[in-house]
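Contents: one structure, followed by commentary.
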Amino acid sequence: MKTFNSIFNFSPQDFATLLATLVKWTALGGLVGVLAGTASAIFLASLDWATNSRLANPDLLYLLPLAGLAVGWVYYRFGGSASQGNNLVIEEVHSNQSPISLRMAPLVLAGTVITHLFGGSAGREGTAIQMGASLADTLQRTLRSTLRLNADDRRMLLMAGISGGFASVFGTPVAGFIFGMEVLSVGRIRYTAMVPCLAAAYAGDMTTRLWGIGHTHYPLMQALGLEPVLLLKIALAGICFGLTSTVFVELTHAIKQLYARGVPYPPLRPLIGGLIIIALVWLLNTHDYLGLSIPLILDSMNGSGVFWLAFLIKLVFTAITLGSGFLGGEVTPLFVIGSTLGYTLGTLLNVDPAFMAAIGFVAVFAGASNAPLASAIMALELFGGGSAAYIVLGCVIAYLTSGHRGIYSTQRIDSPKATGADVQEGESLQAIAERRRGSDSPRNT
């Protein structure tokens with residue numbers, strides 16, 4: 001046996017440890033995925049009902065200010081730390097300071113459904129991530145003594161909750177797997193949680209499907225070989241995608257800051273935001289930019305076409321909705337912004353607009369989330385892998401162009417995007433923004 005071990009460098013003890021770790025974290029990650037997938041199934045079914053109800057009854061929009069006031073008051077009165085949303089989840093993975101309350105799951109689910117029912121422009125990934133993390137942390141507290149789970153174990157379970165929530169709400173298990181490890185820091189993927197994130201993502205997606213919940217189907221991308229001119233055009237478009245994600249992040253942040261200074265009572269903020277959304281709908285005479293706006297994505301990608309400034313209008317609607325304090329995610333609106341901008345750029349650059357819309361779909365998200373790998377893989381899962389080289393290029397360029405900012409302000413810098421950048425390793429995006437704006441800038445509330 002010694003001769004065998006020395007020749008093949010085989011350690012039975014190491015193998016047994018690895019096997020035990022694999023079994024433990026596959027089971028725990030899978031359980032987190034089942035919980036997250038079930039929560040996503042409930043959420044997606046509720047969201048479909050809310051969207052269909054709003055489309056059948058357009059006058060529900062006029063109740064948006066009152067709905068915002070009600071949701072704002074509930075969060076102000078009972079939300080506690082849950083009001084920090086995805087930023088709380090990411091910060092807890094970093095700091096491991098406070099439990100994530102189970103109340104986060106029902107609060108964010110109900111709040112997001114109400115936002116969509118009455119016409120707010122928001123997404124869904126934030127809700128799924130928060131539900132997944134809340135349920136994962138509750139599971140961790142339940143099993144902590146029995147399984148002797150420590151702080152590092154909690155971090156891995158929270159990351160599994162992120163992966164399970166993301167994978168199940170979009171039907172993209174591989175992207176969800178990567179996203180849970182990539183989204184925490186700028187320039188780093190945390191492979192320590194590879195097994196639980198993988199198990200949670202696969203289990204979450206399968207659980208949602210087993211509940212009979214389907215996902216939006218998008219046209220497949222055209223498969224194109226490498227062409228130098230097209231590469232240059234995609235790189236140029238990637239810069240535009242990154243700059244657009246920057247505008248979205250900064251505008252949303254500016255609206256939050258404006259409310260923090262001018263409206264000290266938080267429940268009034270979504271009421272005002274609801275009134276502004278109604279005014280914009282009156283001004284533009286369209287409901288196309290309310291809710292998820294999935295038809296705009298489909299029109300961009302199937303060649304039907306969209307208004308050339310559709311991306312900017314959706315950006316403004318979403319920044320006002322989320323900046324005012326309505327519940328929901330940023331990702332689906334970013335898909336809309338990216339795909340409609342891609343269609344416009346494709347027309348200007350003499351590239352198939354539908355092809356460019358598919359790249360924009362994920363590239364704007366890559367720039368805003370600082371998760372270029374998960375974004376590119378998501379495109380491969382949704383649109384096919386025939387043009388992977390262009391997808392990756394667009395996502396990476398957008399990621400670099402967006403700078404050290406993003407929709408998740410508690411992300412921390414691990415590897416700066418450029419040598420000599422005015423950032424410090426371990427510094428959060430929020431800290432960078434506050435330092436650049438001056439120490440007297442009020443924190444998000």
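Every read-out reported here was derived from the displayed coordinates using simple, explicitly stated rules and does not represent laboratory data. None of these values were measured; they are calculated from a predicted model. Note that we place each Cβ from the backbone using ideal geometry, even for glycine, and neighbour counts take in every protein chain shown.
Ranked by Cβ crowding within 10 angstrom, fewest neighbours first, how are 314, 24 ordered?
Details: 314 27, 24 14.
In increasing order of surrounding Cβ atoms, one gets 24, 314.
Enter the mean projected area of the convex hull around the alpha-carbon atoms of the chain, in nm², rounded to one decimal.
Over every viewing direction, the Cα hull of the chain projects on average to 23.7 nm².
For 91, 227, what ranking results if the residue with the fewest other Cβ atoms within 10 Å of its Cβ goes first?
Least crowded to most crowded, the residues run 227, 91.
Using the Cβ atoms and a cut-off under 14 Å, what net charge is assigned to the surroundings of residue 296, where Lys and Arg are +1 and Asp and Glu are -1?
-1
Expressed as a whole number of Å, what is the distance separating the alpha-carbon centroids of segment 371-413 and segment 236-296?
What the calculation gives is 22 Å, centre to centre.
At q = 0.17, 0.18 Å⁻¹, what is the base-10 log of I(q)/I(0) for segment 228-437 according to the Debye formula with one equal point scatterer per Cα and no solvent? Please give it to two decimals.
Reported log10 I(q)/I(0), two decimals: -1.14, -1.23.
Which whole-Hz couplings ³J(HN,Hα) result when phi for each residue of segment 191-205 is put into the Karplus expression 6.51 cos²θ - 1.76 cosθ + 1.60, θ = phi - 60°, listed in order with x for Gly and Pro?
Taking θ as phi minus 60°, the curve returns 6, 4, 9, 4, 5, x, 5, 5, 5, 5, 5, 5, 5, x, 5 Hz for segment 191-205.
Among 302, 365, 316, whose Cα sits farthest toward the positive end of the charge dipole of segment 228-437 (+1 at Cβ of Lys/Arg, -1 at Cβ of Asp/Glu, about the Cα centre)?
316
Quote the charge dipole size of segment 297-445 about the Cα centre in Debye, to the nearest 20; the model charges only the Cβ of Lys and Arg (+1) and of Asp and Glu (-1). Write out the running numbers ahead of the final one.
Working: 8 positive and 10 negative charges, 53 e Å.
For this selection, approximately 260 debye.
Kindly rank 123-135, 271-283, 209-221 from highest to lowest mean number of other beta carbons found within 10 Å of each residue.
123-135, 271-283, 209-221
Kindly write out, for segment 288-297 in residue order, the coupling ³J(HN,Hα) from the Karplus curve 6.51 cos²θ - 1.76 cosθ + 1.60 (θ = phi - 60°), rounded to whole Hz, with x marking Gly and Pro.
Result, ordered by residue: 5, 9, 8, x, 6, 6, 4, x, 5, 5 Hz.
If I model a spin label at residue 152 and residue 425 as a point 7 Å from the Cα along the Cα→Cβ vector, what separation in nanometres do I get?
1.9 nm
Within the set of other residues whose C-beta is less than 14 Å from the C-beta of residue 220, count the net charge using Lys and Arg as +1 and Asp and Glu as -1.
-2
Could you run the Debye sum over the Cα atoms of segment 12-210, one equal point scatterer each and no solvent, and tell me log10 of I(q)/I(0) at q = 0.14, 0.18 Å⁻¹, two decimals?
Each listed q corresponds, in turn, to -0.76, -1.14.
Please work out the FRET efficiency for the pair residue 261 and residue 389, using the Cβ-Cβ distance as r and a Förster radius of 45 Å; give the result to the nearest 0.05.
Calculated value: 0.45.
Using a 10 Å cut-off around each Cβ, can you sort 375, 83 from fewest to most neighbouring Cβ atoms?
Numbers: 375 32, 83 21.
Exposure proxy ranking, most exposed first: 83, 375.
Give the residue from 185, 151, 83 lying farthest towards the positive end of the charge dipole for segment 78-205; charges sit on Cβ (+1 for Lys and Arg, -1 for Asp and Glu) and the dipole is referred to the Cα centre.
Comparing the listed Cα positions along the dipole, 151 ranks first.
Quick one: dipole size for segment 126-208, taken about the Cα centre, charges +1 on Lys/Arg Cβ and -1 on Asp/Glu Cβ, in debye to the nearest 20. All intermediate terms of the calculation are to be shown ahead of the outcome.
Numbers: 7 positive and 5 negative charges, 55 e Å.
Using Cβ point charges on Lys, Arg, Asp and Glu, segment 126-208 gives about 260 debye.
Highest mean first, what order results for 172-179, 286-293 on Cβ atoms within 10 Å?
Order by mean packing, descending: 172-179, 286-293.
Grab the other residues whose beta carbon is less than 15 angstrom from that of residue 110, score K and R as +1, D and E as -1, and report the net.
In short, +3.
Could you give the dipole magnitude of the chain about its Cα centre, charging the beta-carbon of Lys and Arg +1 and that of Asp and Glu -1, in debye to the nearest 20?
Result for the chain is approximately 840 debye, rounded to the nearest 20.
Taking every pair of Cα atoms in segment 310-412, average 1/r, invert it to obtain the Kirkwood radius, and report Rg/Rh to two decimals.
Here the Rg-to-Rh quotient is 0.97.
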